[in-house]
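Single-structure report; data block below.
Coordinate-derived values only; no laboratory data. Keep in mind that this is a model prediction, so the values were computed, not measured. Every residue, glycine as well, gets a Cβ built from its backbone with ideal geometry; the counts of neighbours run over all protein chains shown.
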Amino acid sequence: MFTERFRSHHDAEHGLEVLLGKPKGHVQRLLSMKPWSAVEAKLRNPPSGKARGIYIHVPHCDTLCRFCNLNRKERKGADMDAYTGYIIKEINAYGAYPYIREQAFNAVYFGGGTPTVLSTAQLSRILEALHEHIPLAEDCEITVESTQHNLGTEKAAALAAKGVNRFSIGIQTFSDRGRKVLGRTYSGEKALEDLCALRTAFKGTLGIDIIYSYPDQSIEELARDGEICVSSGVDSVSFYSLMIHQGSALAASIDRGETRFVRDIQWDRERHHRFYTGLVESGFTLLELSKLVRPGKDAYQYIHIQYEKGDLLPIGSGAGGRIGGLPIYSMAPGRRFVSSGNEAYDRYYRLLGELQFGLYDPVRLARFLGPAVEKGISEKIQELSGLGYLVPIPQSSAWSLSPDGVFWGNNIAVEVLKAAIAAKQGALANV
Ligand code: SF4
């Protein structure tokens, strides 16, 4: 049914934007810009009562990985003390508003870049400011992303003492050859040794990122990565098929013919299935399309807030978030883009977010757009089930994804959205 794979949630979001005829993100932002005073008006009012989080962005990395085009830059020469001060100033400023103080936050996420390029002392100061100025729920999930070389067991223990209870470590592969292709520091052996040390020392939630389908990846390399995910005792694994982003060093190397990269759907699918089924057979379950968890070990509250379009305070240069329904992009001290938001579009994005979790229940899915779309969604689910992508869950009105369904998960989500939009339009036309 599908010929080109949407590899990420962002690909599916783009598919949705096309379906809605919506202007591209940056055009949309420019068309609907609002002054910061619109956010301040929200901040002076009571909170909505919905789950809420904080996203803190640290765009610096020691070295840039060859495949990466995230919002990051080399740390070289950056004044990290000044950056720490900027983040703390933003935390303090937000903390003064009633909207912030009157409801506890459920998740804090330090992303990047590599947040742990900040020293233990710098990160501790930020965490202290958070505890002092922002009400955090008792079970607040506090995640820090890191590369391995920026996070030893001592630093992890010091951050855990300040409330960090979840680490997300970018490993990508334990294969020496693969690490070289992807531009990772360390050997695979050292990566494994450090991961095991961290697992032993840190009692909170530990997740890692793995990339599959990188140039010339053998099934043996892939199988070994899967076995280590199981044996190392990590709680969750985010697994991504390598994306070649224009502008990355790897894309340039492929273009110049220095790196050979031949990948077709079957080759990618074989690697996906091998990795996915290996972990599922070892007790992992699907949390979202690109994340497998040991049951009960990683709630990942942050992603729920993000997909539900809940409030996320954006802090730091390059942080995106939203307050009271207004999307905000923080660029630098004193420079932020605010757009007006669109409740009608948000319903479709929330439906797309729900579909990331891989559970297809027409009644539940219809609640985002109203009962009139339930039949259209239900018929599409039946069709996708007939094609082997969805499997009915016994004694339930819901379907789960087959391994092929997980592989095509973002394409399937867009198909269901297409059916929902058609049903919604049909219902409106009949009014
Ligand atoms: S993958 Fe992570 S560590 Fe590597 S350049 Fe990108 S943000 Fe930095």
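Miscellaneous remarks
- Over the range 33-307: Rg over Rh, Cα atoms, Kirkwood Rh: 0.99
- Unit charges on C-beta of K, R, D, E only; dipole of the chain, Debye: 980
- Gap separating the Cα centres of the range 196-214 and the range 363-431, nearest whole Å: 34
- Per-residue ellipticity at 222 nm computed for the chain from its helices equals -13500 deg cm²/dmol, with DSSP H segments shorter than 4 residues left out and the rest contributing -39,500 (n - 2.57).
- Backbone geometry of the range 316-328 corresponds, through the Karplus equation with coefficients 6.51, -1.76 and 1.60 at θ = phi - 60°, to 3J(HN,Hα) couplings of x, 6, x, 8, x, x, 7, 10, x, x, 9, x, 10 Hz, x marking Gly and Pro.
- Taking one quarter of the surface of the convex hull spanned by the alpha-carbon atoms of the range 27-133 gives a direction-averaged projected area of 8.7 nm².
- Near the amide H of H60, within less than 5 Å, lie the amide hydrogens of K73, T114, all on another chain or at least 5 residues away, with H placed in the peptide plane.
- Semi-axis lengths, Å, the range 181-317, gyration tensor of Cα atoms, sqrt of 5 times eigenvalues: 26, 21, 17
- In terms of distances greater than 26 angstrom between alpha carbons, the cross-link table entries K73/K297; K22/K89; K190/K291 yield K73/K297; K22/K89.
- Under 5 Å from the amide H of T173 lie the amide H atoms of I211, each residue being 5 or more positions distant or on a separate chain, with H modelled from the backbone and absent for Pro and chain starts.
- For the range 91-100, Karplus couplings with θ = phi - 60° (6.51, -1.76, 1.60), whole Hz, Gly/Pro x: 4, 4, 5, 4, x, 7, 8, x, 3, 7
- Counting other Cβ atoms within 10 Å as a rough exposure proxy, the listed residues T84, T114 run T84, T114 from fewest neighbours to most.
- Label-to-label distance for H10 and E74 is 2.2 nm, based on points extended 7 Å past Cα in the beta-carbon direction.
- Residue list for the range 53-67, given a label point 7 angstrom along the Cα-to-Cβ vector of M331 and an amide N cut-off under 20 Å: 56-60
- Between A121 and A161, the simple label model (points 7 Å from Cα in the Cβ direction) yields a spacing of 1.5 nm.
- For D264 and H245, the difference between the fully extended length at 0.36 nm per residue and the C-alpha to C-alpha distance is 5.1 nm.
- Environment charge at A157 (Cβ cut-off 15 Å; Lys +1, Arg +1, Asp -1, Glu -1): +3
- Segment H149-H273, length gained on full extension (0.36 nm per residue, minus Cα span): 41.6 nm
- Shown in residue order for the range 105-111 are the 3J(HN,Hα) couplings computed by the Karplus curve 6.51 cos²θ - 1.76 cosθ + 1.60 at θ = phi - 60°: 8, 9, 8, 10, 10, 8, x Hz (x for Gly and Pro).
- Cα centroid of the range 285-361 to Cα centroid of the range 50-115, whole Å: 15
- Expressed in units of 2.2 N^0.38 Å, where N is the residue count, the Cα radius of gyration of the range 93-214 is 1.19.
- In this label model, S385 and A422 are separated by 1.8 nm, measuring between points 7 Å along each Cα→Cβ vector.
- Taking 0.36 nm per residue of sequence separation and removing the Cα-Cα distance, the R177/T200 pair yields an extension gain of 5.6 nm.
- Partnerless Cys - the chain, beta-carbon criterion under 4.7 Å: C61, C140, C196, C229
- Distances between placed amide hydrogens fall under 5 Å for D311 paired with G53, all partners being 5 or more residues away or on another chain.
- For the listed residue pairs K162/K309; K375/K418; K162/K203; K42/K309, the alpha carbons are over 19 angstrom apart in K162/K309.
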